[in-house]
Amino acid sequence: MEMRAKQDIEIGDDITPPLLPLSFSLHDSFLSSHCSSCFSPLSFPPLPHHYGSLYCSAPCSSSHSPISSSSAESFLPLTCPRSSDLRTALRLLLSLPSTCPHLHRFTNGLLTNYLKLTSSPEFAAQIRQGAIAMAAARKLRKGLSLDQSDDVLLEEAVLCLVVTNAVEVQDESGRSLGIAVYDPSFSWINHSCSPNACYRFIVSPPNATSFGEDSGSALLIVPSVSEENFGVCSCSEYNKGTEGYKYGPKIMVRSIKRIKKGEEVCVSYTDLLQPKAMRQSYLWFNHQFTCSCSRCTVFPSTFVDHALEEILASNPSFSSAGLDLNLYRDEANKKLSHYVDETITEFLLVGDPESCCKKLESVLEGGFHVEQLESEDGKSRLNCKFHPFNHIALNSYMTLASAYRIRSSDFLAFQSKTDESQLKAFEMSRISAGYSLLLAGATHDLFCSESSLIVSAVNFWKQAGESLLTIAGSSVWNLLGLPKSELSTVVKYKCSECSLMDIFGAKSILNQAERTNFENISSDFLACVRSASPKFWRFLIHGCHYLETFKDPFDFRWLAHAHCVAEDVDFIKEDSNCEHHAEWYTNARTNIYKVGMHCLVYGVILAHICYGQNSH
Ligand SMILES: [Zn+2]
Ligand SMILES: [Zn+2]
Ligand SMILES: [Zn+2]
Ligand SMILES: [Zn+2]
């Protein structure tokens, strides 16, 4: 099944109206802090060890609690794996008749993947166990117990449907709150690793006016096969549940590329900044298919997929020896991705930012050794580093930016407010901004060659912009010799070299002409930040050995010959001879502000393409 464009679609257009879910459920960990009906955060503090449904308001409670109680979900065992799947399936069962022979596709037109899942050695047992728990709960609700002879076919089929069609519902910060199943308008849209559309959720309490909902957008996609050919179940009318789900998380699909009439519309079910093998294994374990999209099947692999696994040899002798680095890439990536993942997980769990920074930077900076094949002069070791496009490096930058940010605020929170601790906090936030800028710069190169990476680009540019603006607005500049009055000179900024600020200032961001012209907007933007960043980059990253190896956060061409680059003159030495300290700092600060504004505004414009008006 697939969905195709009904008409030509411009970049940044809504392709579907807001769609209501057919069924949904919060994950266990959010049951005590979020409304089970609309997924909004609850205004009262989380109740510890709470497993039932809680509601934000009377409308949510009265519409949703009948579903919750008649679905028998409260009779599920307290701890069962993937219980949000089971709750979603139980709620879905309410709208189906008690016997239905159509196990492969229900009235709602959704595929169950029943045969594939129940015959797969990896999933069959899990489906069977879940279905038994569901059937037992339904019996228990009637005061009965499950019999050996009872069949659980229907439960299995509905659970298969949920596993196949459910999407993770994320909040603004990217946390996965729960899952939801939508009707075919969304569920029939296939996955691609180079998609031309993306989706977003609208989560809001009843009666709140939220963005995007009143847009009156039409459904711009149609199934490519006519509905009579499906052999769908005709046992029940599939709309009984709708009333109870009217406040649930809605989904909207939006184009991120220009789409021609008749072209297939695809979204991504996974993180596109992962190399092919990782995407494939995620899709198999979570969606039970092997991706055969153009990005996955092209040979040789795309620039982006190659770059996401790229490593650099730092032995001066390496390139002259004429060895093929490709031979070592897999080994190096395997060797270290596990270590880096563990460090990041530990940081998220334990939250020791300092040890996290140390570990990650030692991997990034020190690189690693791979035993080289026998050569004429015996065995020798090859020194490798991650290329900044490598997904392990990108993940590390993301983590390091937030770890340094935390270290900065820790300094201000726990230390006395001496000049020294203020400067230390400032250093940490400088380095955090340095990593954010490097992350945005590296991802932008990938985005330029694969435009579906726009969703990542949005977050990284916004984050880089915000960190730089925080630096520019810091009071620490006074300690560096800037008189207080200097602040006013950096407050208002208008760029004479590009149109970014004008686009942002206009009533409706990105009119038709600007969307058509988007490539030019991007290149003007990049030219602006490229010319301004050398004026502060070395100051920004001073004190961070790893970042100091980068001459420029936007130019990675020199990396191919990294070992040939002689150490630049230390800028601090250069600077200490400068008689005009205050002047130099004012200039640096102004440029930090300029680049910060550019990054933030560019991020907002990209967000407008992905998420629409008022999404920021
Ligand atoms: Zn609610
Ligand atoms: Zn049926
Ligand atoms: Zn793919
Ligand atoms: Zn500009």
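What follows is calculated from the coordinates using simple rules that are stated; it is not laboratory data. What you see is a predicted model, and the numbers here were worked out from it, not measured in a lab. We place every Cβ from the backbone using ideal geometry, glycine too, and count neighbours over all the protein chains shown.
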* Please give, to one decimal in nm, the separation of the simple spin-label points placed at K116 and T79, each 7 Å out from Cα toward the Cβ. => 3.3
* Asked: Of all trypsin sites (Lys or Arg not before Pro) in segment 401-436, which ones are in loop regions per DSSP and have a Cβ with at most 11 other Cβ atoms within 10 Å?
  -> K417
* To do: Add +1 for every Lys or Arg and -1 for every Asp or Glu among the other residues with Cβ under 11 Å from the Cβ of D352, and state the total.
  => 0
* **Label-point gap, in nm, between K494 and D410 - each point 7 angstrom along Cα→Cβ** => 4.4
* Asked: Full extension from H369 to L423: what is 0.36 nm times the residue separation minus their Cα-Cα distance, to one decimal in nm?
  -> 15.8 nm
* Asked: Given K462/K551; K334/K385; K335/K551; K276/K462; K6/K116, which pairs have Cα atoms separated by over 24 Å?
  -> K335/K551; K276/K462; K6/K116
* Structure fact -> With a Förster distance of 45 angstrom and the Cβ-Cβ distance between K260 and K535, calculated FRET efficiency to the nearest 0.05 equals 0.55
* To do: State, to one decimal in nm, how far the label point of Q126 lies from the label point of D552, with both points 7 Å from Cα in the Cβ direction.
  => 4.7
* Inter-part distance where segment 1-67 and segment 166-192 are each reduced to a Cα centre, Å -> 10
* Filtered GluC sites (Glu not before Pro), segment 1-77: DSSP coil and at most 14 other beta carbons within 10 Å -> E2, E10
* **For segment 382-423, alpha-carbon Rg and Dmax in angstrom** => 15.5, 47
* Structure fact -> Placing one equal point scatterer on each C-alpha of segment 507-559 and summing with Debye, one gets log10 I(q)/I(0) at q = 0.14, 0.17, 0.30 Å⁻¹ equal to -0.53, -0.66, -1.15
* Fully extended contour minus Cα-Cα distance, from K6 to S29, at 0.36 nm per residue -> 4.3 nm
